[in-house]
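Okay, structure first, notes after.
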Amino acid sequence: MYRHTCAIATAIFTCAVGLQGQSPPQLRFATFDGASLHIKGDPSKPVIMQGYTDARQLGDFSWDNLKAKLGTRDGEKTSYLSEALVKQMLQDDEAAGMLLNMHYARKHQYSYVLYSYKNMGGWAIDGACSHQGNATPSHWCKVQAMEDAIERFGRSKLFLWLDSDVIVRRTDTDMWDYLNSAERCQYESEKLASNVAVFSWVNTHWFSCPFTGRQTNSGVVALQRGSGVAGKSDMKAFLEQWWLNRDWGQYGGYGKNDQHSFNEALKWFAWKSRVVFSEDNFRDARTNYFTHKCGACDWMPEMSTIVRKAMEENNITSTELMNGLFDANTVADLP
C-alpha cells in the first residue's frame with residue numbers, strides 16, 4: 001500500500017533488545033473513524049481485514065455511509081440503487097478491490113472487516129489512529145486493527161490482513177488450502193504449518209528468497225492463533241514486537257512506514273514460528289493467489305482493471321458481487 005523503505009542500520013538491533021525488554025503496552029485498540037464495516041461469516045472460520053483512509057480515495061467513490069448503503073436491499077428501488085453502487089465501486093480502484101475481497105469472504109463464509117480511519121493531512125497521515133492519547137500515523141493503524149480483530153473474533157484461528165490495494169485473485173481457493181500448499185522460500189519447507197504463527201510473503205520484485213531479514217512485504221500478513229514453538233512466539237507476541245519497533249529512528253518510526261519494522265520484528269521472531277512464501281504479489285498474473293498494486297508498482301494496470309480481469313477469470317458477475325452484501329443479516333456491527 002505504501003512505498004517501502006528497505007535500508008537498515010545495524011545499530012537498530014541494540015535498540016530492539018531494549019524495546020522488547022519493556023513491559024507490553026496496554027491494549028491499544030485504535031479509535032477508528034466512523035463505523036467499521038463488518039460482513040458476517042462463520043465465527044469459527046478465518047477473518048479478512050482491510051483498512052482505508054480518505055487519502056487513498058483515488059476515484060469519485062464516496063465512502064460516506066457505506067455501511068448504511070449495504071444491508072438495505074428491500075425493494076425494487078433499493079435494488080436498483082444497490083446495482084448502481086456496485087457499478088460505482090467497480091470504477092474506483094480501492095473500492096473495486098475491496099468489493100472483490102468482500103465477495104471472496106462471503107463465498108467461503110469468512111468474516112470481513114473494513115477498518116476506516118481519517119486522513120489528517122500529509123503522506124504519513126498523522127493522527128489517523130490514536131494510542132494512549134497520542135497520534136498514530138495511518139500505516140500503524142493496521143497493527144491496531146489486527147489486534148482488535150483478534151480480540152473480537154475469539155473463535156477464529158486465522159486472520160488475514162490485506163492493504164487496501166491488495167486482492168485475493170483466485171477466489172475459488174480456500175485460504176487454508178493455499179497456506180498448506182503454496183511454495184515457500186528456501187529453507188522454509190521444513191517448518192510445520194501447525195507451528196506457524198506468522199505467514200508472510202517475499203518482496204520478490206525488489207528482493208529474492210531466502211529471507212535474510214528485510215525482504216518481506218507487510219501489505220499481506222496472515223496470523224494463526226494458538227501457534228508458536230516456544231515462549232513468546234505466538235501471533236500476539238509478534239504484533240507486540242512489531243508495534244514496539246515503531247519508534248526506530250528514520251527507517252521505521254513515526255513519520256515513516258511500517259515496512260522496515262515489520263521485517264525487523266520478523267527477523268528476530270522465533271524461526272519455526274514464521275514462514276515466508278515465494279509468490280510474487282507484485283505482478284498481474286491469474287496464477288497468483290494475491291495481487292498487490294502497490295503505490296510504486298507502475299508496471300501494473302490500475303486495480304479496477306485487475307479486478308475486472310479477476311472477475312472474468314473466476315466467472316464472477318457484478319450481480320454476484322451484489323448478492324449477499326445488500327442484506328441486513330449480512331452487514332452487522334462488530335461483535
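The values are calculated or read from the model by the stated rules, or taken from the named source; none is laboratory data. Quick caveat: nothing in here was measured; it's all calculated off a predicted structure. A quick note on method: Cβ atoms are made from the backbone with ideal geometry, for glycine too, and the neighbour counts reach across all protein chains shown.
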statement: Taking first residues from region 152-168 that are touching a residue at least 12 places away in the same chain (Cβ under 8 Å) and closer than 9 Å to Q50 by Cα and second residues anywhere that are surrounded by fewer than 24 Cβ atoms within 10 Å (Cβ to Cβ) and among the basic types (K, R), the pairs with Cβ under 6 Å that are 6 or more apart or on different chains are S164/R56
task: Just give me the residues in region 285-309 being over 21 Å from S181 (Cα atoms), of a type outside the set (K, R), assigned to a loop (DSSP other than H, G, I, E, B) and touching a helix residue (DSSP H, G or I) at 6+ places or on another chain (Cβ under 6 Å), in sequence order.
output: E302
query: So T319 clears everything in (1) modelled with pLDDT under 90; (2) surrounded by fewer than 19 Cβ atoms within 10 Å (Cβ to Cβ); (3) assigned to a loop (DSSP other than H, G, I, E, B) except one condition, right? Which one?
result: (3)
- prompt: What number of residues within region 272-284 are touching a residue at least 60 places away in the same chain (Cβ under 8 Å) and either out of contact with any His (no Cβ under 9 Å at 6 or more places or on another chain) or in a helix (DSSP H, G or I) (or both)?
  reply: 8
The one condition in (1) within 13 Å of the chain's Cα centre (by Cα); (2) modelled with pLDDT under 85; (3) not hydrophobic (A, V, I, L, M, F, W, C) that Y112 fails to fulfil: (2)
- request: Just give me the residues in region 197-254 being under 23 Å from N281 (Cβ atoms), part of a loop (DSSP other than H, G, I, E, B) and at pLDDT 90 or above, in sequence order.
  value: A197
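From N315, N329, grab the single residue that is of a type in the set (S, T, N, Q), over 15 Å from T171 (Cβ atoms) and out of contact with any helix residue (DSSP H, G or I) (no Cβ under 9 Å at 6 or more places or on another chain). Full working, then the answer.
Details: N315 fails: over 15 Å from T171 (Cβ atoms).
Result of the check over N315, N329: N329.
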- line: N217 vs (1) out of contact with any His (no Cβ under 8 Å at 6 or more places or on another chain); (2) polar (S, T, N, Q); (3) under 19 Å from G51 (Cα atoms): all pass except (1)
- request: For region 294-303, indicate whether the set of residues that are buried (at least 20 other Cβ atoms within 10 Å of the Cβ), over 15 Å from L162 (Cα atoms) and modelled with pLDDT under 90 is non-empty.
  value: no
- request: Please go through region 142-176 and pick out each residue that is in contact with a strand residue (DSSP E or B) (Cβ under 8 Å, 6 or more places away or on another chain) and among the β-branched types (V, I, T).
  value: I150, V166, I167, V168
query: Which one of these does S189 not meet: (1) modelled with pLDDT under 90; (2) in a helix (DSSP H, G or I)?
result: (2)
task: Please work out which residue is surrounded by the most Cβ atoms within 10 Å (Cβ to Cβ), limiting yourself to region 134-186 and to residues that are β-branched (V, I, T) and part of a strand (DSSP E or B).
output: V168
- request: Using the structure shown, decide if E312 is assigned to a helix (DSSP H, G or I), surrounded by fewer than 20 Cβ atoms within 10 Å (Cβ to Cβ) and free of Cβ contacts under 8 Å to residues at least 12 places away in the same chain.
  value: yes
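Here is a yes/no grid of residues against (1) buried (at least 17 other Cβ atoms within 10 Å of the Cβ); (2) among the hydrophobic types (A, V, I, L, M, F, W, C):
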{"residue": "E190", "(1), (2)": "no, no"}
{"residue": "A197", "(1), (2)": "yes, yes"}
{"residue": "V202", "(1), (2)": "yes, yes"}
{"residue": "R214", "(1), (2)": "yes, no"}
{"residue": "G226", "(1), (2)": "no, no"}
